[in-house]
Amino acid sequence: MRIKYNDKTRILVLSLLSVERRAILCHMELNDVATCLEALGNPVRLKVFRALVRSGPAGLNFGQLHERIGIPRSTLAHHLNTMVQAGVLIQERAGREVFSRVDFARLQQALTFVLAECCQDSPECRE
């Protein structure tokens, strides 16, 4: 089966081949990207992550996140710690509250790394 590429797909693929892509490839190692993606490979962590993505750059404090996800606090703390250690979340203290937010720049780098060589072996993308 041959895949047809429309103009938007070709533009996306060509933009990934830019100089910026090469800079990102130099900054992220394969193991770093694998660690980021592995942290999101658990359904509960992915649910937590998606809630934080929806919250935007401000993030959510622990109590807000607990209300939205509805899992035991100790379980939530464990999953948040795993994602912080993997580098996909940032936590900041504001007084007595701890806010978690997505590290959107790192996420973008990881996804760009994954897609950087999209269709490199496909003749349709080189036309």
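Evaluate the following for Arg106: is it under 16 Å from Thr35 (Cβ atoms) and of a type in the set (D, E, K, R)? It is true that Arg106 is under 16 Å from Thr35 (Cβ atoms) and of a type in the set (D, E, K, R). Taking segment 70-80 as the range and being under 15 Å from Val102 (Cβ atoms) and surrounded by fewer than 16 Cβ atoms within 10 Å (Cβ to Cβ) as the test, no residue passes.
Against the numbered list (1) within 11 Å of the chain's Cα centre (by Cα); (2) at positive phi, Gly70 comes up short only at (1).
Which members of segment 79-126 meet the condition of being among the hydrophobic types (A, V, I, L, M, F, W, C) and within 10 Å of the chain's Cα centre (by Cα)? I'd like the intermediate steps shown before the answer.
Initially, segment 79-126 is screened for residues among the hydrophobic types (A, V, I, L, M, F, W, C), giving 80, 83-84, 86, 88-90, 94, 98-99, 102, 104-105, 107, 110-111, 113-116, 118-119, 125.
Answer for segment 79-126, where residues must be among the hydrophobic types (A, V, I, L, M, F, W, C) and within 10 Å of the chain's Cα centre (by Cα): Val88, Leu89, Val102, Phe104, Ala105, Leu107, Ala110, Leu111.
Only residues that are buried (at least 17 other Cβ atoms within 10 Å of the Cβ) and in contact with a Lys or Arg (Cβ under 7 Å, 6 or more places away or on another chain) were counted in segment 91-124, giving 1.
Please verify whether Gly87 is under 25 Å from Pro43 (Cβ atoms) and surrounded by 13 or more Cβ atoms within 10 Å (Cβ to Cβ), treating the condition exactly as stated. It would help to see each step written out before you state the result.
Details: under 25 Å from Pro43 (Cβ atoms): yes; surrounded by 13 or more Cβ atoms within 10 Å (Cβ to Cβ): yes.
In short, yes.
Read-outs: derived from the displayed coordinates by stated rules, not from any lab. If you're wondering where the values come from, they're calculated on a predicted model, not measured in any experiment. For neighbour counting, all protein chains shown are included, and Cβ atoms are generated from backbone atoms with ideal geometry for every residue, glycine included.
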